[in-house]
1. Does E46 meet the test of being part of a helix (DSSP H, G or I) and among the charged types (D, E, K, R)?
2. With touching a residue at least 12 places away in the same chain (Cβ under 8 Å) and farther than 17 Å from L22 by Cβ as the only criterion, which of F85, F99, F77 stands out?
3. Does the range 31-41 include one or more residues that are more than 20 Å from L95 (Cα to Cα) and either within 14 Å of the chain's Cα centre (by Cα) or not β-branched (V, I, T) (or both)?
4. Tell me yes or no: at least one residue of the range 67-78 is in a loop (DSSP other than H, G, I, E, B) and either among the hydroxyl-bearing types (S, T, Y) or under 24 Å from E136 (Cα atoms) (or both).
5. Being in contact (Cβ under 8 Å) with a residue 40 or more places away in the chain, open to solvent by less than 50 Å² (accessible area, probe 1.4 Å) and either part of a strand (DSSP E or B) or acidic (D, E) (or both): is that true of I63 here?
6. Output the qualifying pairs, or none if there are none: Cβ atoms under 6 angstrom, residues six or more apart or on different chains, first residue in the range 112-134 and under 23 Å from L25 (Cα atoms), second residue part of a loop (DSSP other than H, G, I, E, B) and open to solvent by 70 Å² or more (accessible area, probe 1.4 Å).
Amino acid sequence: MHYLNIELDGIDKNGEEKKFKLSELKGKNLIVYFYPQDDTPVCTKEAQEFRDAIDKIQEFAQIIGVSNNNINDHLDFQKKYELNFILLSDPNNKLKKAFEEYDIHLQNLHRATFIINKEGKIIKHWNKVDVDEHIEDILNFFKIKNDT
């Protein structure tokens, strides 16, 4: 689980720049989603879907978006679309490569989502994301997990 200890620059939901380690967020379920590029049509739609569903999602998990964009790009993206969750900058793909060790198929993918439980273990992942249905898939997963 060395992916938990990789430190990346990021911005919090308020646009404050800081360093993040997933290990510092243990105790919460995390939704870590990788996307290719800030402010492109599909990536923007995906981010807006997360933004619009945040009240439902926060009942179960904290959202973290990850791309290789720099902090200034993230700040512009967050402000332009009023995003209300953490965005991490992974310019050297350190975090992505750590997750690729979990699933080798991710090497050729640019969009994937992982759910990490409160103990820091990956409990679900999607390596083929349909942004039109993805939020519903995540909510259904937590509803099922929450009901058991």
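The values are calculated or read from the model by the stated rules, or taken from the named source; none is laboratory data. It should be emphasised that the depicted structure is a prediction, and the values quoted were computed from it without experimental measurement. Every residue, glycine among them, receives a Cβ derived from its backbone with ideal geometry; neighbour counts consider all protein chains shown. Keep in mind that these areas ignore ligands, DNA and RNA; they rest on the heavy atoms of the full protein, side chains included. Shrake-Rupley method; radii C 1.70, N 1.55, O 1.52, S 1.80 Å.
1. On the way: part of a helix (DSSP H, G or I): yes; among the charged types (D, E, K, R): yes.
Criteria met by E46.
2. Values: F85 fails: farther than 17 Å from L22 by Cβ; F99 fails: farther than 17 Å from L22 by Cβ.
Exactly one of F85, F99, F77 is touching a residue at least 12 places away in the same chain (Cβ under 8 Å) and farther than 17 Å from L22 by Cβ, namely F77.
3. Keep residues of the range 31-41 that are more than 20 Å from L95 (Cα to Cα), which gives 39-41.
In the following step, the residues that additionally are either within 14 Å of the chain's Cα centre (by Cα) or not β-branched (V, I, T) (or both) were identified as 39, 41.
So far as the range 31-41 goes, yes, one or more of its residues are more than 20 Å from L95 (Cα to Cα) and either within 14 Å of the chain's Cα centre (by Cα) or not β-branched (V, I, T) (or both).
4. Taking the range 67-78 first, the residues in a loop (DSSP other than H, G, I, E, B) are 68-70.
With the extra rule that they be either among the hydroxyl-bearing types (S, T, Y) or under 24 Å from E136 (Cα atoms) (or both), the set shrinks to none.
Checking the range 67-78: not a single residue is in a loop (DSSP other than H, G, I, E, B) and either among the hydroxyl-bearing types (S, T, Y) or under 24 Å from E136 (Cα atoms) (or both).
5. On the way: in contact (Cβ under 8 Å) with a residue 40 or more places away in the chain: no; open to solvent by less than 50 Å² (accessible area, probe 1.4 Å): yes; either part of a strand (DSSP E or B) or acidic (D, E) (or both): yes.
So I63 does not fit the description; no.
6. G120/M1; G120/K26; I122/Y102
Rundown of residues vs (1) within 18 Å of H134 (Cα to Cα); (2) open to solvent by 10 Å² or more (accessible area, probe 1.4 Å), yes/no style:
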position: N14; (1), (2): no, yes
position: G27; (1), (2): no, yes
position: C43; (1), (2): yes, no
position: Q48; (1), (2): yes, yes
position: I57; (1), (2): yes, no
position: D76; (1), (2): no, yes
position: L95; (1), (2): no, no
